[in-house]
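Down below is the structure, laid out as structure tokens.
What follows is calculated from the coordinates using simple rules that are stated; it is not laboratory data. Keep in mind that what you see is a predicted model, and the values were worked out from it rather than measured. No Cβ is skipped: glycine too gets one built from the backbone with ideal geometry, and neighbour counts run over all protein chains shown.
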Amino acid sequence: MSLITWDKSLQVGHAGIDSDHKKLVDLVNQLANAMGAGQGKEVCGKVLGELASYTKTHFAMEERLMAAHGYPKAAEHKSEHDKLVTAVLDFKAKFDAGSVMLSVSLLNFLKEWLSHHIHESDTALVAGLAQKAA
């Protein structure tokens, strides 16, 4: 069962960004499924690590696009990225140390953050890129 369903509402109209978002949705769903199936710390930790790593890769791609196109809200957008990366890496470190466990609240946080960021910030980014190209 998926925590997040990939559908047209999550597409922003940029092939690279949409492809990355689909991968991020898949990783969040893998994490939810591993947790729901009671899979061990090793499996959940591996998926959480992949999610953290891919998030950084995706954000770097978006930030290169913003810089290349002189996107006026780049600093604000990057700040959102930095806050999530910090939160995920902090959680991952605590998870690896055994001081926190995966929880429904973490999964809901990831779902809400990703959905909001795509619908608001990334939709605005793609619209800004389209205006620059026009």
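In the elastic network of the chain, a GNM with C-alpha springs shorter than 10 Å, the most mobile of Ser99, Ser79, Ser115 is Ser99. Listed by chain and number, the aspartates and glutamates placed with their C-alpha closer than 17 angstrom to that of Lys23 are Asp7, Glu50, Glu62, Glu112, Asp122; residues fewer than eight positions away on the same chain are left out.
For the chain, what's the relative contact order in percent, using C-alpha pairs closer than 8 Å and at least 6 residues apart? Working shown, then result.
Working: 81 pairs, mean separation 44.6, N = 134.
Across the chain, relative contact order equals 33 percent.
With the helix formula -39500 (n - 2.57) applied to DSSP H stretches of n ≥ 4, the chain reaches a computed 222 nm mean residue ellipticity of -25500 deg cm²/dmol.
Work out how much length Met101 to Lys8 would gain on full extension: take 0.36 nm times their residue separation and subtract the Cα-Cα distance, in nm to one decimal. Walk me through the numbers before you get to the answer.
Values: separation 93, 0.36 × 93 = 33.48 nm, distance 3.25 nm.
Roughly 30.2 nm would be gained on extension.
When Met101, Met61 are sorted by how many other C-beta atoms sit within 10 angstrom of their C-beta, beginning with the fewest, the order is Met101, Met61.
The alpha carbon centroids of the range 54-123 and the range 1-44 are separated by 14 Å.
As a quick test, which of the pairs Lys92/Lys132; Lys46/Lys111; Lys8/Lys92 have an alpha carbon distance above 27 angstrom in this structure? Long pairs (Cα-Cα over 27 Å): Lys92/Lys132; Lys8/Lys92. Computing FRET efficiency as 1/(1 + (r/R0)^6) for Phe109 and Arg64, where r is the C-beta to C-beta distance and R0 is 25 Å, gives about 0.40.
Sorted into 10 angstrom bins from 0, the C-alpha pair distances of the chain split as 12, 43, 30, 12, 2, 0 percent.
Comparing Ala15, Ala60, Ala32 in a Gaussian network model of the chain, where Cα atoms under 10 Å apart are tied by springs, the biggest mean-square fluctuation is seen for Ala15.
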